[in-house]
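Comments concern the structure below.
The values are calculated or read from the model by the stated rules, or taken from the named source; none is laboratory data. If you're wondering where the values come from, they're calculated on a predicted model, not measured in any experiment. Because the Cβ atoms are built from the backbone with ideal geometry, glycine has one as well, and the counts that use them run over all protein chains shown. Protein only, heavy atoms only, side chains kept; ligands, DNA and RNA dropped before computing areas. Shrake-Rupley method; radii C 1.70, N 1.55, O 1.52, S 1.80 Å.
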Amino acid sequence: MLHITKLLSGVAVASLLMLGTAAAQTVLKSSDTHPDGYPTVEGVKYFGELIKERTAGRYSVEVYHSAQLGEEKDTIEQVRSGVIELNRVSMAPFNGTVKETIVPALPYIFRSEEHMHTVMDGPIGDQIKAAFEPAGLVALAFYDAGSRSFYNSKKPIKTVADMKGLKFRVIQSDIFVDMTAALGANATPMPYGEVYSSVETGVIDGAENNYPSYDTAKHFEVAKYFSEDQHTILPEVFVMNKAAFDKLTPEDQALFKQAAKDSVAKQRELWAKKTGESRATVEKAGAQINEVEKQGFIDAMKPVYDKHVKDDVLKKLVADVQATK
Ligand code: GTR
């Protein structure tokens, strides 16, 4: 080997070595609707660094942020069909296909972010993760997304009565449509990327989201009243195409799961920091933040539970979440 190397020029050796490395590498594609630097994007990048390091470069991840691969619903189809291997999305668009995701999407199901963590880090979270498999996906991790609240261009919402007649964009899930209707307002599900211009042109009065989304998508520029009703504390999900996951060796599968788990701690840390920063940014830019009489909102949710928590599996899950301390 040594004298063969001697026969080849330095350049040829270098390119041979590079070819060798390239052949052994698999780059997994991951999508995210958020811009570079957003906590979910950084969480997945961290996962990528961990698997690269732990597989000695055999696997790495390329994150296509800023909706480069399309709006969330389209990218869900891409990861289910294997066009991309990974995706970080909200769980709300899965409410119609993976019924267990209904539970964390229910308004006011979680008493606090700590309660959500306890539930989703435990056996209930495992049951929800397992429910993704028939949809062709392996749920690798849940990431923080804080709480979602309504914001609009017209006025502060203090009580349920203030919601009357307002038009909101909601995330694409029937639960969110029915929740908004139960509060006396109108809901239009539409892709995230259309929210800004729809509020700007008056097609809708506002939307609902957490502070980092309200900030980074610049929705505060067109809808300055942010009312903290905190209707959901729905975590994000980081998924992998099941066929791609099944192709990994059992050792690599364990390694991917561990890296995903390790990325959760990182993402939560980044999330907490970003939430505070975003709140400060929007306030500085003129957003009017107000507290809401939450009990009225909670009381109005009975029809949503009655309609969506129908079968025994969901009833038990809801009871189990409520019983979790
Ligand atoms: C964000 C979430 C995104 C997307 C967006 C939306 O909070 O992180 O994945 O679902 O909300 O409302 O469409």
Restricting segment 76-92 to residues that are assigned to a loop (DSSP other than H, G, I, E, B) and more than 16 Å from the ligand (Cβ to nearest atom), the residue that is surrounded by the fewest Cβ atoms within 10 Å (Cβ to Cβ):
G82
Find all pairs meeting these conditions: Cβ atoms under 9 angstrom apart; at least six residues apart or on different chains; first residue within segment 77-104 and closer than 15 Å to K242 by Cα; second residue assigned to a strand (DSSP E or B) and aromatic (F, W, Y).
I84/Y64; L86/F238; N87/F238; R88/Y143; R88/F238
Selection status of Y196, closer than 14 Å to S149 by Cα and of a type in the set (F, W, Y):
no
Among the residues of segment 210-254 satisfying the criterion of being assigned to a helix (DSSP H, G or I), among the polar types (S, T, N, Q) and within 16 Å of the ligand (Cβ to nearest atom), which is least open to solvent (accessible area, probe 1.4 Å)?
S213
Name the residues in segment 289-305 that are outside any helix (DSSP H, G or I) and open to solvent by 80 Å² or more (accessible area, probe 1.4 Å), would you?
E291, E293
Can you find a residue that is in contact with a helix residue (DSSP H, G or I) (Cβ under 6 Å, 6 or more places away or on another chain) and surrounded by fewer than 19 Cβ atoms within 10 Å (Cβ to Cβ) anywhere in segment 93-107?
yes
Kindly list the number of the only condition in (1) hydrophobic (A, V, I, L, M, F, W, C); (2) crowded, with 22+ Cβ neighbours inside 10 Å; (3) in a helix (DSSP H, G or I) that fails for I124.
(2)
Could you check segment 48-75 and list, in sequence order, the residues that are more than 16 Å from the ligand (Cβ to nearest atom) and either in a helix (DSSP H, G or I) or open to solvent by 20 Å² or more (accessible area, probe 1.4 Å) (or both)?
G48, E49, L50, I51, K52, E53, R54, A56, R58, Y59, V61, E62
Checked segment 149-168 for anything open to solvent by 10 Å² or more (accessible area, probe 1.4 Å) and of a type outside the set (A, V, I, L, M, F, W, C); matches are S153, K154, K155, P156, K158, T159, D162, K164, G165, K167
Filtering segment 173-197 down to residues that are crowded, with 22+ Cβ neighbours inside 10 Å and within 12 Å of the ligand (Cβ to nearest atom), which residue is farthest from V98 (Cα to Cα)?
V195
What do you reckon, is A185 on the phi < 0 side of the Ramachandran plot and either free of Cβ contacts under 8 Å to residues at least 40 places away in the same chain or in the same structural domain as I124 (by TED's automatic domain parsing) (or both)?
yes
